[in-house]
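Worksheet for the structure shown next.
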């Protein structure tokens, strides 16, 4: 009996996990919830890698892309201004060459100056240059390339075509004179596509669509991949066949 009593007394106590202190059997001790949460949080923080702070790659990508878009948009908005600025600088450089290297200036240099004025949409100045070049052509003949007769003829054709274009862009346009210049251009170079297109467009304005179709098709034969030439030829064909609306016809003859 004494032996069983000792066993009962020993089983009435258990070791406390936290410190070896004995608890009597049958007693209940609820764990501290706050301590458990704190312990779990500490364990998780110890297990997780330390978080590093720095620039967000997405943020910097967004900033760079936005900056590029703004720069491109500003360039396209201001592009006409910069193009005119660069063109004026080229014109001034060409004029300076006429002054400082007068003996080396050729009709081709003056013709190029006229084309710059055309790009600048200063058609009266362009026309003045073209007319002066034409006088030089009459005086010196093959100055551009004395050994290349076809080159000289092509250059003369380009001169008359450019002159005709400037005449068409004057206010008011000098249409009759422009037409003669286009015809003179194809006289020097019968296959000159740009001159043929200008003649075809002028014929369409006069509603001579049958001749315009033949002229534009000739230009298209020399540059079959030119979409602009193809569009003009198709427009002339439709006008000849009566397939254009009144609004489209008004645009042609305007």
Neighbour-count order for 170, 113, fewest beta carbons within 10 angstrom listed first: 170, 113
Proxy reagent accessibility, fewest Cβ within 10 Å first, across 196, 244, 68, 127: 68, 244, 127, 196
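Order by neighbour count: 121, 201, 90, fewest other Cβ atoms within 10 Å first, most last. Before the final figure, lay out each step's value.
Numbers: 121 11, 201 18, 90 15.
Lowest count first: 121, 90, 201.
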Computed lengthening from residue 70 to residue 58, 0.36 nm per intervening residue step minus Cα-Cα distance: 2.5 nm
Net lengthening on full extension, residue 89/residue 205 (0.36 nm per residue, minus Cα-Cα): 38.1 nm
Segment 191-254, relative contact order [Cα under 8 Å, separation at least 6], %: 35 percent
Calculated over segment 61-105: convex hull of Cα atoms, volume per residue (Å³): 73 Å³
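Values in this text are rule-based calculations from the coordinates and carry no lab data. Here the structure is a predicted model, which means the values were calculated and not measured. Glycine gets a Cβ as well: all are built from the backbone with ideal geometry, and neighbour counts include every protein chain shown.
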